[in-house]
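Just below is one structure, and these are the notes that go with it.
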Amino acid sequence: MKTLITASILSANLAHLQEEVDTVASAVDWLQVDVMDGHFVPNLSFGAPVIKNLKTTLPIDVHLMVENPADRIAEFLALNVAHITFHAETVKETSARRALMEAIRRGGATAGIAINPETDLSAIDDVVEDIDLVLIMSVHPGFGGQDFIADVLTKVR
């Protein structure tokens, strides 16, 4: 198993976003774009236009913190993103998870599933063997600048 370092643009200075991306480009493996819809999480954040205007050779992981991820994947797949990660808490039925994973892969990206800090690992037992990436959140989704939740380390192990 390879460990990858991913930098999120969530806390970047948006007035200097390209410069901030360029600053981390040689030190990370991926660039993460946190997409928030104001429904699954209370805040709003980046959308496809931000990604479209970024200049980077880094693979982009789109982390969908949105209520209806199936409705949003086409706009990101059109930008040739490398990875799309959706939340287990928003897609609960196995058949819906599998259909979303298939749609993501058919669009040319790998499929990831994220779980909130308080969500038990068993919540993804139905797809964990078939998913490309598992994101175990170490903060609550929707807010930048939070303190790391150390209890999550047990879940990661």
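Worth a mention:
- Residues of the range 45-102 classified as open to solvent by 50 Å² or more (accessible area, probe 1.4 Å), of a type in the set (Ser, Thr, Tyr) and farther than 27 Å from Leu17 by Cα, total: 2
- Positions within the range 117-157 being open to solvent by 40 Å² or more (accessible area, probe 1.4 Å), of a type in the set (Gly, Ala, Ser) and assigned to a loop (DSSP other than H, G, I, E, B), in sequence order: Gly144, Gly145, Ala150
- Of everything listed in (1) without any contact (Cβ under 8 Å) to a residue 12 or more places away in the chain; (2) open to solvent by less than 90 Å² (accessible area, probe 1.4 Å), the single unmet condition for Glu19 is (2).
- Exclusive hit being in a loop (DSSP other than H, G, I, E, B), touching a residue at least 60 places away in the same chain (Cβ under 8 Å) and either within 28 Å of Ser122 (Cβ to Cβ) or not polar (S, T, N, Q) (or both), set Val81, Val41, Val28, Val91: Val41
- For the range 1-25, the tally of residues that are small (Gly, Ala, Ser) and assigned to a strand (DSSP E or B) stands at 2.
- Screening Leu4 with (1) modelled with pLDDT of 90 or more; (2) on the phi < 0 side of the Ramachandran plot gives one miss only, at (1).
The values are calculated or read from the model by the stated rules, or taken from the named source; none is laboratory data. From a predicted model like this one, the values you see are computed outputs, not experimental measurements. Heads up, the Cβs are rebuilt from the backbone with ideal geometry, glycines too, and the neighbour counts pull from every protein chain shown. For accessibility, only protein heavy atoms count, side chains too; no ligands or nucleic acids. Shrake-Rupley method; radii C 1.70, N 1.55, O 1.52, S 1.80 Å.
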